[in-house]
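The values are calculated or read from the model by the stated rules, or taken from the named source; none is laboratory data. What you see is a predicted model, and the numbers here were worked out from it, not measured in a lab. Note: ideal-geometry Cβ built from the backbone for every residue, glycine included; neighbour counts use all protein chains shown. Just so you know, the surface numbers come from the protein's heavy atoms only, side chains and all, with ligands and any DNA or RNA stripped out. Shrake-Rupley method; radii C 1.70, N 1.55, O 1.52, S 1.80 Å.
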Amino acid sequence: MRYLSFHLPLHRFLASCLRKVALRPNIADGKNFNGVLGLLAKLKVTESVVKLQQVYNGLIEFPILVLSRAAQIRSKLWSRNGRKMLDQVFNYAEPSLCRTLRDADLLLVQFALIAHASLAEEKIDDALKGSGGFQRFTCTYFTNLLMHRFSIFEFIGFESAPDRHEERYLTELANGIWGEHD
């Protein structure tokens, strides 16, 4: 049994710090680093691309997990857990706590997506080759993450997709229909 908590103090603290950083004007001129763009520029200078990818993936993983579980509980998929879970979701999503909880999670997801996009222009393919199977963050990766966290991957039939029509899939992949490929 896996433990689920809506309480992510470190993530929420980081989200409140990012909220304050976002209020500053964006300056990244080499000497001054203000705002979100300045923060991203400073991180690119001080950390390796692989390390930043790992951090940004960590920032996106838990908030998406909590957001997906909250959606499932609101849809009454967790009704066996009793009224307490529904009360927890109401506290998570309704004013006045939603700014501290749900909005902070959404802010972290948004920041992680912006941060990943800022790495898109970097030459990270070579850096990721020696990182132990770590893969590039793409739209496909994000969509896959969402489908797994919302537990709809198997429901929409993707679990058996690679076993069926494999030749057609490989042809479409080679033609670039499904995004980037090696």
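Numbers below:
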quantity: Built amide H within the under 5 Å cut-off of residue 27, gap 5+; calculated: 34, 35, 38
quantity: Of 20/44; 20/84; 20/76; 51/76, those spanning more than 27 Å from alpha-carbon to alpha-carbon; calculated: 20/84; 20/76; 51/76
quantity: Local electrostatic count at residue 86 - Lys and Arg +1, Asp and Glu -1, tallied over other residues with Cβ under 13 Å; calculated: +4
quantity: Using θ = phi - 60° and Karplus 6.51 cos²θ - 1.76 cosθ + 1.60, couplings along the stretch 139-144 (whole Hz; Gly, Pro as x); calculated: 4, 4, 4, 5, 4, 4
quantity: Per residue accessible area of the stretch 5-108, 1.4 Å probe, in Å²; calculated: 59 Å²
quantity: Fraction of accessible area attributable to carbon and sulfur, the stretch 58-113 (%, probe 1.4 Å); calculated: 56 percent
quantity: In Å², nearest 10: area of residue 143 left accessible to a 1.4 Å probe; calculated: 60 Å²
